[in-house]
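These notes concern the structure reproduced below.
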Amino acid sequence: PYPLYAELRRTPVARQEDGSYVVSTYREIADLLHDPHLSSDVRNLSHPMPGAADHGTPSFINVDPPEHDRLRRLAMRHFGPPHTPGLVTGLDPDLTRTVGSLIDDFAGKERIDVVDDFAYPFPVTVICHLLGVPREDEPRFRLWVNDIIDAIAYDPKTDPKEVLEKGVQARKDLRDYLGGLLEQRHGKPGDDLLTGMANDDGPDGRMTDEEIVATANLLLIAGHETTVNLITNGMLTLLRHPEVLQRLRDDPDLVVPLVEELLRYEPPVHIIPWRAAYSDITVADTVIPKGSQIMLMLASGSRDPGHFHEPDRFDPDRRDNEHLGFGSGIHLCFGGPLARRETQIALTELVRRLDHPRLVTDPPPYRRSPILRGPIHLPVEQGT
Ligand code: HEM
């Protein structure tokens, strides 16, 4: 039940020793996510995360309007609007096929690892396909993405410096690779995202190659570990709630509210650490001075008893589930419809095809990151 968050919520807006602020209650987090006086521009941060530093063109998750809105709109034209499934609905057959072939590979095995055998390879395959990355390059992609994500989770107290160096190199390799791919797409027909962005002369003008590469990079990184963790947290939660697992097997439509409840109850993103105050901001009677760094504790907000009835209960029948799993406001997750559909299909098929799945260890080992939460391995036994 996350006792630390319950403790934090006693002081909704708390100043840290280093001068940054932690906000942990639902109302205050939601208000701040919609406040134009908050900046997402990493250049405004007093305590930037060393592993997340990228010296190339910043992508739209880390810039403010009007630049943010222009780039997000340009990318969105090829990805589908956020609340309508857009392009995503048409993907169902592809997603189902990819999920099916991954499960075929371990269907008969006594023991599988939901992370390595399934949740990790799945989203990279999907995003490579959407971007238009040739299939044979996918393994290189996975290595780069892993190194970049490890660097983002870098902890100076325990990790060797090489983790950061590998992250910087992987970002460079990935940018060079995408740049090369993009060169071949100019003036060519094609329905993939890179080709679409390269040849778009819409009302907002054309994106520069650097902007397209930064956007492609963002889609890869923002959409990877997060989706892995939602699928893995989902399987773990189902195995801990066998009655819900059985209900899902009997009624696959349950998966829609179930994934929303997962985004509230076991969200992959626990904290948005990169906001800064453009001016003095008053929240819950506390003045956050201009220039302060602000950490928004999304996962704590989604467990706030001031907003959710019995928040520590996993309840797929919950109504009006306005969780903070995808954030809110202008930076609301761009890939939400895709991540939802990927996870819905993944969980439905895992539950349908695994034979009496059982957890091997509970709790499983977790990724060591205060921001992203999910197991690094989830061993599961099956068969009677
Ligand atoms: C933004 C969560 C999957 C692309 C965000 C934000 C959150 C989030 C909390 C807000 C960040 C902020 O306000 O600073 C998640 C979770 C996912 C997921 C939990 C999976 C379960 C994806 C996928 C993609 C994606 C699959 C792309 C294919 C993005 C982008 C942004 C974003 C581009 C930045 C939006 C903007 O700045 O306007 N995501 N995400 N995400 N997400 Fe996701």
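Only the coordinates and a few stated rules stand behind these numbers; no lab work does. Predicted, not measured: the structure shown is a model, and the values here were computed from it. A quick note on method: Cβ atoms are made from the backbone with ideal geometry, for glycine too, and the neighbour counts reach across all protein chains shown.
So what are the ³J(HN,Hα) numbers for the stretch 297-313, from phi and the Karplus equation (6.51, -1.76, 1.60; θ = phi - 60°), rounded to whole Hz, Gly and Pro as x?
Per residue, the Karplus-derived 3J(HN,Hα) values read 8, 3, 5, 5, x, 6, 10, 7, x, x, 10, 10, 6, 6, x, 8, 9 Hz.
Take every Cα pair under 8 Å in the chain that's 6+ residues apart, average their separations, divide by the length, and report that relative contact order as a whole percent.
So the answer I get is 27 percent.
Roughly how many debye, to the nearest 20, is the charge dipole of the chain about its Cα centre, given +1 on each Lys and Arg Cβ, -1 on each Asp and Glu Cβ, and no other charges?
Working: 42 positive and 61 negative charges, 59 e Å.
Charge dipole of the chain: 280 debye, to the nearest 20.
Comparing Asp285, Asp304, Asp317, which has the greatest mean-square fluctuation in the GNM of the chain with Cα pairs linked when under 10 Å apart?
In this elastic network of the chain, the residue with the biggest mean-square fluctuation among Asp285, Asp304, Asp317 is Asp285.
Treat every Asp and Glu Cβ in the stretch 57-201 as -1 and every Lys and Arg Cβ as +1, leave all other atoms uncharged, and give the resulting dipole magnitude about the Cα centre to the nearest 20 debye. Working shown, then result.
Numbers: 18 positive and 27 negative charges, 67 e Å.
Its charge dipole is roughly 320 debye.
Return Ser292, Ser101 ranked ascending by Cβ neighbour count within 10 Å, so the fewest neighbours appear first. Don't jump to the answer; show the numbers that get you there.
Details: Ser292 18, Ser101 10.
Ascending number of Cβ neighbours within 10 Å: Ser101, Ser292.
Quick check on the chain: helices-only [θ] at 222 nm, where DSSP H runs of length 4 and up contribute -39,500 (n - 2.57) each and the sum goes over total residues. Nearest 500, please.
On the way: 14 runs with 168 residues, N = 384.
Counting only the DSSP helices, I get -13500 deg cm²/dmol.
Rank these for me by crowding, Glu261, Glu225, Glu183, Glu138, going from fewest to most other beta carbons within 10 Å. Mind dumping the intermediate values first?
Values: Glu261 21, Glu225 26, Glu183 10, Glu138 15.
Fewest-to-most Cβ neighbours within 10 Å comes out as Glu183, Glu138, Glu261, Glu225.
Grab the other residues whose beta carbon is less than 11 angstrom from that of Arg97, score K and R as +1, D and E as -1, and report the net.
Values: positive: none; negative: Asp92, Asp94, Asp104, Glu349.
Net local charge, Arg97 excluded: -4.
By count of other Cβ within 10 Å, fewest leading, how are Thr96, Thr195 ordered? If you can, show how the numbers build up before the last one.
Working: Thr96 14, Thr195 21.
Ranked by crowding around the Cβ, least crowded first: Thr96, Thr195.
Please get the size of the charge dipole for the stretch 247-384, origin at its Cα centre, with Cβ charges of +1 on Lys and Arg and -1 on Asp and Glu, quoted in debye to the nearest 20. Kindly include the intermediate steps, with their values, before the conclusion.
Numbers: 17 positive and 20 negative charges, 102 e Å.
Taking the Cα centre of the stretch 247-384 as origin, the dipole is about 500 debye.
What net charge is computed for the residues neighbouring Glu162, neighbours being all others with C-beta under 14 Å from the C-beta of Glu162, Lys and Arg scored +1, Asp and Glu -1? Each step should come with its number before you reach the end.
Working: positive: Lys161, Lys166; negative: Asp147, Asp150, Asp155, Asp159, Glu165.
Neighbourhood net charge equals -3.
Find the relative contact order for the stretch 188-279 and round it to a whole percent, using C-alpha pairs within less than 8 Å whose residues are 6+ positions apart. If you can, show how the numbers build up before the last one.
Numbers: 38 pairs, mean separation 20.1, N = 92.
In percent, rounded to a whole number, it is 22.
So which lysines pass the test for Lys290, namely a Cα distance under 22 Å, with those fewer than 8 places away in the same chain ruled out?
Leaving aside lysines fewer than 8 places away in the same chain, none come within reach of Lys290.
Show which lysines lie in cross-link reach of Lys161 when reach means a straight Cα distance below 29 angstrom and same-chain residues fewer than eight apart are skipped.
Result set, ordered by chain and number: Lys172.
Just going by the charge dipole of the chain, with Lys and Arg at +1 and Asp and Glu at -1 on Cβ, which of His307, Gly223, Thr237 is farthest out on the positive end?
His307
Which one, Met297, Ser40, Pro139, is farthest towards the positive end of the dipole of the chain when Lys and Arg carry +1 and Asp and Glu -1 on their Cβ?
Result: Met297.
Summing +1 for each Lys or Arg and -1 for each Asp or Glu, what net charge is found among the other residues whose Cβ lies under 12 Å from the Cβ of Pro123?
Working: positive: Arg142, Arg341; negative: Glu138, Glu225, Glu342.
Its environment carries a net charge of -1.
Under 28 Å Cα to Cα from Lys166, which lysines show up? Leave out anything in the same chain fewer than 8 places away.
Answer for Lys166, where 28 Å is the Cα cut-off: Lys157, listed by chain and number.
Take the alpha carbon atoms of the stretch 1-32, find their center, do the same for the stretch 223-296, and report the distance between the two centers in whole angstrom.
15
By Kyte-Doolittle mean hydropathy of at least 0.5 and Cα axial length of at least 18 Å, which whole DSSP H helices of the chain are selected? Kindly include the intermediate steps, with their values, before the conclusion.
Working: long enough: 92-106 (22 Å, -0.24); 138-152 (21 Å, 0.04); 162-185 (34 Å, -0.80); 209-222 (19 Å, 1.09); 225-240 (22 Å, 0.47); 336-353 (25 Å, -0.46).
What comes out of the filter, once short or polar helices are dropped, is 209-222.
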